[in-house]
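Visitor: Here's a structure for you.
Where a number appears in this text, it was derived from the coordinates with a stated rule and is not lab data. Here the structure is a predicted model, which means the values were calculated and not measured. Here the Cβ positions follow ideal geometry from the backbone for every residue, glycine too, while neighbour counts run over all protein chains shown.
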Amino acid sequence: APVPLRDTVLRPRDLIAPAHLSTLVDYPNAWSVVCRRELFDDGRTRFDTALRTCEDRTWTWLLHLATESCAAVGLTGVFYRRGVTDSLTQIRSERQLDFLPAHDRVLTALQDDPERDRFLPKLVRTYCAMIAYHMQTVREYSPADGKRLRRMCASALHRMPRDVLDQTLDTMDDERSRTLRRLRARKAA
């Protein structure tokens with residue numbers, strides 16, 4: 001994970017931005033996080049059980065926003081399987097569409113955050129990257145799910161703060177930017 005210092009107490013909010021770089025919040029690996037139990041007492045940093053996928057991304061963001069300190073430590077011998085063909089991230093089904101409400105939950109959480117303006121560019125860029133990725137694979141979904149995905153993604157783009165979205169689209173690579181601009185031109189559902 002891209003953390004500037006290892007084995008050092010850090011402030012999680014300082015590991016969210018900037019938007020254009022990979023930061024710790026881009027690594028939603030719940031399996032690699034060790035937390036104090038008290039972090040979950042008020043329910044804010046619990047997994048959203050309504051989400052069938054992407055719940056770890058929401059959780060990671062909320063954890064970064066709600067906690068005062070963290071540290072990245074080396075763990076020799078801990079490995080994670082990626083790219084397994086039957087993993088949930090590889091299967092194209094309606095469950096994958098939950099990345100949209102997952103990111104919307106973080107957008108909602110940021111609305112009243114005192115550092116909203118600092119973090120919105122990162123969230124919008126990540127959300128846009130996820131939408132662009134799913135648009136690249138939309139033909140792998142069933143026709144009904146693909147149509148729903150397009151509609152939901154267009155609506156999501158219309159929910160994002162317009163100024164932040166415009167800035168994001170201006171700084172993304174051409175292919176993703178074109179895809180997202182075409183999608184945004186669709187009428188919001």
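Visitor: Please rank V138, V164, fewest neighbouring Cβ atoms within 10 Å first, as an exposure proxy.
Guide: Going from sparsest to densest Cβ surroundings: V138, V164.
Visitor: Any idea what angle helix 174-185 forms with the longest principal axis of the chain, computed on alpha-carbon atoms, 0 to 90 degrees, nearest 10?
Guide: 60 degrees
Visitor: What are the ³J(HN,Hα) couplings of segment 8-24, residue after residue, when phi is run through the Karplus curve with 6.51, -1.76, 1.60 and θ = phi - 60°? Round to Hz, x for glycine and proline.
Guide: With the stated coefficients, segment 8-24 comes to 9, 5, 10, 8, x, 4, 7, 10, 9, 8, x, 5, 8, 10, 6, 10, 4 Hz.
Visitor: Once you keep just the Cα pairs under 8 angstrom separated by 6 or more residues, what percentage relative contact order results for the chain?
Guide: 21 percent
Visitor: Okay, next question. With a/c under 1.5 counting as rounded, go ahead and sort segment 132-189 into rounded, prolate or oblate using the C-alpha gyration tensor (a ≥ b ≥ c being the square roots of the eigenvalues; past the cut-off, prolate if a/b is larger than b/c, else oblate).
Guide: Note, shape of segment 132-189 comes out oblate.
Visitor: For each of Y27, Y133, Y127, count neighbouring Cβ atoms within 10 Å of the residue's Cβ, then give the residues from fewest to most.
Guide: Ordered by Cβ neighbours within 10 Å, fewest first: Y133, Y27, Y127.
Visitor: Which trypsin sites (Lys or Arg not before Pro) from segment 106-189 combine a DSSP loop assignment with at most 13 other Cβ atoms within 10 Å?
Guide: The qualifying sites are K187.
Visitor: With axes computed from alpha carbons, what is the tilt in degrees of helix 143-159 against the longest principal axis of the chain, rounded to the nearest 10 within 0 to 90?
Guide: 70 degrees
Visitor: Under unit Cβ charges (Lys, Arg +1; Asp, Glu -1), what dipole magnitude, rounded to 20 debye, does the chain have relative to its Cα centre?
Guide: In total the dipole reaches around 800 debye.
Visitor: I'm checking a number: the convex hull volume of the Cα atoms of segment 12-185, normalised per residue, in Å³. What is it?
Guide: Taking the convex hull of the Cα positions in segment 12-185, it is 132 Å³ per residue.
Visitor: Can you show me the helix-derived [θ] at 222 nm for the chain, built from DSSP H runs with n ≥ 4 at -39,500 (n - 2.57) apiece and divided by the number of residues, rounded to the nearest 500.
Guide: -14500 deg cm²/dmol
Visitor: Further question on the same structure: Trypsin sites (Lys or Arg not before Pro) within segment 1-58: which are DSSP loop residues with at most 13 other Cβ atoms inside 10 Å?
Guide: R6, R36, R44, R46
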